Every structure is written in C-alpha cells, then in structure tokens.
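First the structure, in the form of structure tokens, and then the observations on it.
The values are calculated or read from the model by the stated rules, or taken from the named source; none is laboratory data. All figures in this text were calculated on a predicted structure; none of them were measured in a lab. Cβ atoms come from the backbone with ideal geometry, glycine included; neighbour counts cover every protein chain shown. The accessibility values were calculated without ligands, DNA or RNA, using every heavy atom of the protein model including side chains. Shrake-Rupley method; radii C 1.70, N 1.55, O 1.52, S 1.80 Å.
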Amino acid sequence: MGFIDIKNLVFEYFRRDEDGNVEEMIEALSDVSLEVEQGEFIAIVGENGSGKSTLAKHINALLTPSEGEVVVDGMDTVEEELRLNIRRTAGMVFQNPDNQIVGSIVEEDVAFGPENLGFSTEKIWNQVNGALNDTEMNDYRLNSPNKLSGGQKQQVAIAGVLAMEPKCIIFDEATAMLNPGSRRQMLNVAKRLNKDKNITIIWITHHMDEVVSADKIFVMKKGNIVAEGTPKSIFADEKMIQECGLVLPQLYQYVKFLKGQGIISENEAVNVENDEQLISLMCNKYGIVQEVRKSESDTESKIEDNDKRYVDIEDNLRGQTDNSHSTKINPAEGILINNVSYIYNKGFANERTALNNVSLHIGKGEFIAVVGHTGSGKSTLMQHLNGLLIPDSGSVYYDGNNIHEKEFPIKKLRQKVGMVFQYPEYQLFADTVEQDVCFGPMNMDISKVEARRRAYKAIEVVGLPDTIYDASPLTLSGGQKRKVAIAGVIAMEPEYLVLDEPTAGLDPVAAKNILEMLGILQKEHGMTIIIVSHNMEEVAEYANRVIVMDSGEICLDGPVWKVFENKELLEGLGLKIPVGINLLNTLKGTGIDVDVTKNTQIDIYGELCKLT
C-alpha cells in the first residue's frame, strides 16, 4: 500500500433547486484509482470540471467517497475520528486564497495552523519566519491580508500551509494568481520540500510547463483518470492532451515544430529540457556564439520614456481659473491618467504607496496588457480608470473631462468603462443567466426591451448558446461563469473593457476561448481591451501594447516586441519572456536575419522556417 492509496473512488452529489428539492445527481468522480508513494512529486492536470479539485479534497478528507476508499498514510478517510490527523498529514492550498485566510495580520494567519497543531511558541515563530521567507512575504508580515493583492494573498495562504510542515502538501491551482517569477519560486519551494524533507507534493495546475519535472502525471477528464505516466510519455500523446482540453508546454510545441521542419534532429529534440537548452542548441547549430544581451541603459533608449510621452497633460486640458472652475479646450480622446498617486492605509503605520506619480494614455481600439510582479499596482491602476478609486494626487480624464469634478457623470463613465474583476464569478448573483446579464442594462435609462436585446446580444458575443438563458449561473463551468460575467459588462455597451486576470484558473482551451472573444470585440466592434495578466504567452499572442509596472510605477510601455526585448529588466521583475520571442531575440543578437517584431506563435514559426 502506498502513502496515498485510492481504489475505485466514486463521488456523487445532488443538485437542488431553491426549495431544496433534488433536481439531478452529478457523478463528479467515477471509478478513480491511483497510488502515490511517500516523497513523490505528483502532478494532476485536466480541463475545468474534470474532477481535479474534487479528487484533491478527498485526499485530505474534506470530502468522503460515495463508493470506494481513500487511505492516507494508513488512515481511511471515512473514519471520522481520523480526519483531523489526515488533515494534519495532508495540507491543502486552495485556488482562491480568500477561502483559507483567517488572521487579521499576515504573521498571525501563518501562525494559525502551527498553533492549532500544538507547536511550542519557539517552533511556531521559527516556522512562520521560514514560511514567510520562502514565499517572499516577510516584508508584509504586519499587513492586513485584506489589503494585499490577489497574488500576495495566495502567497500568504501557501505560507500558512508550509508553516505546518505536513507530510503531504496539495497545491490546488495555488499559483493561478502569481506572476511567472513567483510561480517559479513556489514551484522551487515545493521541489525543495519534496527533495530535502521527503514531503509528498500533489501539484494541480493548468500551467503545463509546471509539470515538466514531476515524477508522474495523472490526466483527468470527466471525473476519470484517462492517462498516467512520466511527463515525456504524457507529452508524447498530443492527441490525448488536446482531447482533455490541454495543450503541450510551449517549449514542447517549439521543439515539435522545429523537429517537424527538419531544423533540429530527433536526437537533438529528445535532449531539450528547458528554454535555455533550445536557444543554445539553435545558436550553436548555426555556428554563432551568443552575444551578451544589451544593457539596461541601452534598453532605456529603446522604449519611449513614459514621462516624456505624457508630459504636460494638465497643460493640454488647461483652462482652470483661480476659483477652480475648469474650461476644457482641445479635449483629448481616450483615458488620460496624469501624475496619479494612491496610498493604502494613509496615515497609519502600515501605509503603502500603491501608485507613485503614474501617467499614461489609453486610446480607443487598443488591446493593452498590463503586467508586473504581484503587488506592483496593476489592479489599483485599473480601478482608477472608471473612478472606483480616487487618487490621492493627480488627475484622471475621460475624453478630456476630469472624472473627479463634481459635475462629471460618474455613472455614465462606469457604463463606458466596464470592469471585470479578478474573480468575476463573484459578480454573479441572479437566479438565471438572462437575469444576471440584464442587471446592468436594466439600471441604465433604457427600456426593458432594449435591456433584454443587449443581454441576448452580449450572451451571443461571448460565445454562449441561447439554451443557457434560463440556467443558474452557479451551475455553470468555470469558463462559462467567466463568460457570463463578461457578458454582463458587455451588455452595457462599454467603449473600454477592463479585465483583471480574466484567464486565471482556466484550462488552456477555456482561456483561449476567452481571449479570442476579446480579440473579436477589439477588432470587429472597436472596443478597447485592457487586461491584467501574468501569462506572458497570452500577452504576446493577443496584445498589441504592453505596460509593465514595478513598485507602483510604469517602467516600460510600448509594442509587445519592443517591451520583450528587455529580457534582463523583465526577468528582474519576475516576468518570463515567451520562449519563441526569446529565441528570435537571441538569434537576432548573434547576427541572424530574423524579424524580431513578430510576437505571435504562428508568425515566429514563419521566421524560424527561414532558417532552413
């Protein structure tokens, strides 16, 4: 028997109506069997709704089987008196950190678990200090978790489980809200705990690049385990991967393409295990030694200086008199942010500057990605675009009008600048999809008929079938819920659509569907799309402009290809250059004639074909 032994696990639950009557029975897991040895690093992958989280909750006895058995470290999860010990043995980090944060300050929250396990005071604080250092949250130990960004909350939740040092840690999409650098940090922490302390790791993720070094991968589909094996054996079956709503890691996609084009051999392809090896192989293949990347001082000359680009916005809109009444002349188009600063907890000991003298212009019809490390100010900046936050200093203009002047119609602004938050599912509350999507338009000065017309059109635009109108939003899949939330904003017919991490927690296929839908809104409907994202591959594929934030300031702003030329700076901010762009930039730097302005994968493939 292994450390975790699951045999013929079946889990069923009943869906009930608002009166508590059973509507249908759902089989979430069907005849699942698997065995995990102590000290293994196991990855579980699958599309949204495949049963990954349900399976994870059985491992630490949050759920118990309808049929079959789950035994953890010799303890059967159906034995109620053993469940506390099972949860001590198998700690779990959830996808949404708000589900497990209980303390009023960070260090108290991290100490909560060890304290309840009866650790001595000295050991509690040793564990807290170590966990905060591992998650790079020591500087925030006296902050309120509620004042942190989504990614920082996730790091606190992870620290809380690390501090308990269980024999097994289950990471259920725990890196979904983290930037690439923090994702790598968390993965490295998990690997170190696995290697140095023999802690069993169950890593559930949609980021396929995170499972490359796992001992074994289990692939799930519709409540079943459809494949298991080493990463290389799993990735060799691309058809199965695609049928399960997944995609190969981007590195594997490039290796497969280069091999298929005859650019690299079968033996060369087999030996490539990371981005650096592929880039080195390609450079050596053409007999050119890689040059040192250009310095940050050279970088600064390539990207148009933000301060120069947006200097004197006040002058362009000037007309203020001594009594502070302003007359707008030569009004600008779009959204202008001029020298905006914003401070959380102003005047208190834990005061934190979230935005520091930020200036930028957002024009009509753009597709903009805002990126940066966790806590860099991205979400705070987004909430200034439609007046949800009021700057401590500086000004925000919409089509030349200061949105914080007393006579400005802020309600109409929020109709024109729609906002979809980090967890858009939380925006759903009505009994049916139709009612939910109609809610925004119904609160505008339009007829009920027009509101319903807009709702139906929005539901169609996001790619949902008309059969979904009468369904409860709460019964939908993660991707469908996200689309309903977006439809609710689109139904208000905004000119600008702001989405904070719109694909976080979604499987690759669902994420692609969302992004392609946003691309259609931009190209065919002329809507400005602004997304906050930690996924650099998605940014490269869909955006045409990137804004990079660091410590509440904009440090880079420009076309995708130009921003991604700044490898050292971006990596220093915890951001990862997509492998294809990194490859083109390196080849160009060694004298090979490739067009580095290409950033989509299909265009990069075209440039690589020129090498043959």
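Some notes on this structure:
- Dipole of the stretch 457-530, positive direction: furthest Cα of Ala504, Pro465, Leu521, with charges on the beta-carbon: Ala504
- Placing unit charges on the Cβ atoms only, positive for Lys and Arg and negative for Asp and Glu, gives the chain a dipole magnitude near 900 debye about its Cα centre.
- Cβ crowding within 10 Å averaged over residues, with 265-272, 377-384 ranked highest first: 377-384, 265-272
- Taking a straight line from the alpha carbon of Lys523, these aspartates and glutamates sit under 12 Å away, with near neighbours fewer than eight places off in the same chain left out: Glu366.
- Accessible area in square angstrom per residue, the chain, 1.4 angstrom probe: 44 Å²
- Counting only protein heavy atoms and a probe of 1.4 Å, the accessible surface of the chain is 46% carbon and sulfur.
- Per-residue packing, averaged as other Cβ atoms within 10 Å, sorts the ranges 531-539, 236-244, 410-418, 346-354 into the order 531-539, 410-418, 236-244, 346-354, beginning with the highest.
- Solution diffusion estimate, µm²/s, Stokes-Einstein, the stretch 384-524, Kirkwood Rh from C-alpha pairs, 20 °C, viscosity 1.002 mPa s: 136 µm²/s
- For the listed residue pairs Lys153/Lys232; Lys191/Lys610; Lys239/Lys483; Lys416/Lys512; Lys221/Lys598; Lys512/Lys567, the alpha carbons are over 31 angstrom apart in Lys153/Lys232; Lys191/Lys610; Lys221/Lys598.
- Three-way shape call for the stretch 87-147 based on the alpha-carbon gyration tensor, with the a/c threshold at 1.5: oblate
- Inter-part distance where the stretch 26-63 and the stretch 142-182 are each reduced to a Cα centre, Å: 20 Å
- Counting only DSSP beta bridges whose two residues both lie in the chain, roughly 55 percent are antiparallel.
- Fully extended contour minus Cα-Cα distance, from Phe429 to Asn99, at 0.36 nm per residue: 116.9 nm
- Evaluated over the Cα positions of the stretch 1-127, the convex hull gives a direction-averaged projected area, one quarter of its surface, of 10.4 nm².
- Taking amide H as placed 1.01 Å from N in the peptide plane, Gly558 has its amide H under 5 Å from the amide H of Val546, each at least 5 places away in sequence or on another chain.
- Rounded if a/c under 1.5, otherwise prolate or oblate - the stretch 144-214, Cα gyration tensor axes: oblate
- Simple label model, 7 Å out from Cα along Cβ direction - Met240 to Glu122, nm: 5.2 nm
- Cα-based Kirkwood hydrodynamic radius, the chain, one decimal, Å: 26.2 Å
- The stretch 59-146, dipole about Cα centre (Lys/Arg Cβ +1, Asp/Glu Cβ -1), debye to the nearest 20: 160 debye
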